[in-house]
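Asks: Structure in structure tokens, see below.
The values are calculated or read from the model by the stated rules, or taken from the named source; none is laboratory data. Everything numeric here is computed off the predicted structure, so don't read it as measured data. Cβ sites come from the backbone with ideal geometry, for glycine too, and all protein chains shown count toward neighbours.
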Amino acid sequence: MNILLIGSGGREHALGWAIAKSPRCETLYAAPGNAGIAAVADIADLEIADHDAVIAFCRDKAIGLVVVGPEAPLVDGIADALEAAGIPTFGPSAAAAQLEGSKAFTKALCDRMGIPTAAYGRFENEDEAIAYVRSQGAPIVIKADGLAAGKGVTVAESLPDAEAAVRECFSGAFGAAGSSVVIEECLVGEEASVFAISDGHRAVLLASAQDHKRVGDGDTGPNTGGMGAYSPAPVMDPAMMARVETEIIIPTIAGMAEAGTPFKGVLFAGLMITASGPKLIEHNVRFGDPECQVLMMRLTSDVLDLLEGAALGDLSNASPRWDSRPALTVVMAAKGYPGSYEKGTPINGADDLNTEDLHVFHAGTKRNGTQLVANGGRVLNVTALGNTVAEAQARAYAAVDAIDWPEGFCRRDIGWRALAREND
Ligand code: AMP
Ligand code: GLY
């Protein structure tokens, strides 16, 4: 089968690497891709927002499956356009992608299906939102509805901070995403993510992971897309996984099917494990980045069984198998990220580190001739397996230290939460 992979991040490199290992993969194409993806796929010169061009490419190359990595093209309806053209696509319709695109949509689904989540109110009027914040008190969480590039959430520790966040949303700071505001109870516990694949009706649980969102060691500094991750999340023991499946994943898939917007693709449930059990913070309609990298490192069965099964609407035979060892990934980013940073700085020594238990996935990279250079904020994802999280961490940082990139940096404490448990 010929496959087209859409995206250009570390997530897509990990997906492409896993897809290319499948005996059923004939030619893998990718767009826009990056220097790492170019090692496992043919880069297609395609404008992915131009759905007609993507369809024409798929017909020309006899593409049997399109795999969409990021959420933006899904919210933009690329899966609808491809499916309408008869091209099997891994990734939800625009209607189903509202699970990530609209917080209010997901909250309404939680209400209908009894899915545990933070108590909330939704407001389109600033004065009513402020009155609600005052009636609830701090800490409280303020969210711009809609996609705000991860910047639309404020966990406010005080009432003045909460009121300022509400005013910021209504002032247009997040564009249209801020014209409607969701105000939530602040959940207390440990965050974890659970991934599941769905064909629209069934859900197949994948694995859990934990991310490191802040840029600095000790979870300090501004939020990022994620500076490192590991899988599994120790807090997600089999009993907690079963609760998440029963209380959150299955009702989500059932509720989407009942609403006439069946969900096909990967569901990424962001959870708070509270004293009273798992609560949904948010759903995403794609793999996490860098969570996907640790999942693909641990997946030992054929990823195409999952991606194609979901796309074709039949996951009845899917039973993913996992390396029981933990995997951990360290994100190397350009100095200045998540603020402004330089592009084009040279990276040496990243090409020949891969072993069975270690893989350097590329995010924002490209080649100037043969020279690998940085081409984005998050640039490399050094990903390792180990018998323990400590071993995976040591292996990953040894590889990080072998990479010569003076303009890059990384957190030095990826995995600290899991390590603290291992050392208990
Ligand atoms: P979101 O964009 O909804 O994932 O929120 C970003 C981050 O804000 C989450 O990963 C949590 O750390 C935090 N957060 C969101 N909602 C809540 C909540 N209701 N209670 C506590 N923390 C939250
Ligand atoms: N790493 C978090 C995300 O992909 O949303």
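Asks: Within the set of pairs 6 or more residues apart or between chains, which connect a residue that is within 25 Å of Glu190 (Cα to Cα) and among the small types (Gly, Ala, Ser) inside region 396-424 to a residue that is modelled with pLDDT of 95 or more and assigned to a helix (DSSP H, G or I) with Cβ atoms less than 6 Å apart?
Replies: Gly415/Val389; Gly415/Gln393; Ala418/Val389
Asks: Also, I was wondering about something else. Look at Asp219 and say whether it is farther than 30 Å from Leu65 by Cβ, of a type in the set (Asp, Glu), within 16 Å of ligand 1 (Cβ to nearest atom) and without any contact (Cβ under 8 Å) to a residue 40 or more places away in the chain. Outline the logic, then answer.
Replies: Details: farther than 30 Å from Leu65 by Cβ: yes; of a type in the set (Asp, Glu): yes; within 16 Å of ligand 1 (Cβ to nearest atom): yes; without any contact (Cβ under 8 Å) to a residue 40 or more places away in the chain: yes.
So Asp219 passes the test.
Asks: Here is a further query. Looking only at residues in region 183-198 that are more than 15 Å from ligand 2 (Cβ to nearest atom) and assigned to a strand (DSSP E or B), which one is farthest from Ala242 (Cα to Cα)?
Replies: Top of the filtered list is Ile183.
Asks: Note down all Cβ pairs under 7 Å where the first residue falls in region 103-119 and is touching a residue at least 24 places away in the same chain (Cβ under 8 Å), the second is of a type in the set (Asp, Glu) and part of a helix (DSSP H, G or I), and they're at least six residues apart or on different chains.
Replies: Ile115/Glu247; Pro116/Glu247
Asks: Consider region 257-280. How many of its residues are crowded, with 19+ Cβ neighbours inside 10 Å and either modelled with pLDDT under 95 or within 12 Å of ligand 2 (Cβ to nearest atom) (or both)?
Replies: Looking only at that region, the number is 3.
Asks: Can you tell me which condition Asp111 does not meet? The list is (1) surrounded by fewer than 18 Cβ atoms within 10 Å (Cβ to Cβ); (2) in contact with a strand residue (DSSP E or B) (Cβ under 7 Å, 6 or more places away or on another chain); (3) charged (D, E, K, R), and all the others hold.
Replies: Among (1) surrounded by fewer than 18 Cβ atoms within 10 Å (Cβ to Cβ); (2) in contact with a strand residue (DSSP E or B) (Cβ under 7 Å, 6 or more places away or on another chain); (3) charged (D, E, K, R), Asp111 violates only (2).
Asks: With Val40, Val67 as the choices, which residue is in contact with a Phe, Trp or Tyr (Cβ under 6 Å, 6 or more places away or on another chain), surrounded by 22 or more Cβ atoms within 10 Å (Cβ to Cβ) and farther than 22 Å from Gly255 by Cβ?
Replies: Val67
Asks: Next question, about the same structure. Quick check on region 216-250: of everything there that is under 14 Å from Trp416 (Cα atoms) and assigned to a strand (DSSP E or B), which residue is nearest to ligand 2 (Cβ to nearest atom)?
Replies: Ala229
Asks: For Pro320, work out the one condition from (1) part of a loop (DSSP other than H, G, I, E, B); (2) within 16 Å of ligand 1 (Cβ to nearest atom) it doesn't fulfil.
Replies: Unmet for Pro320, out of (1) part of a loop (DSSP other than H, G, I, E, B); (2) within 16 Å of ligand 1 (Cβ to nearest atom): (2).
Asks: Still on this structure, I have one more. Which members of region 260-284 meet the condition of being under 10 Å from the mean Cα position of the chain (by Cα) and more than 13 Å from ligand 1 (Cβ to nearest atom)?
Replies: Val266, Leu267
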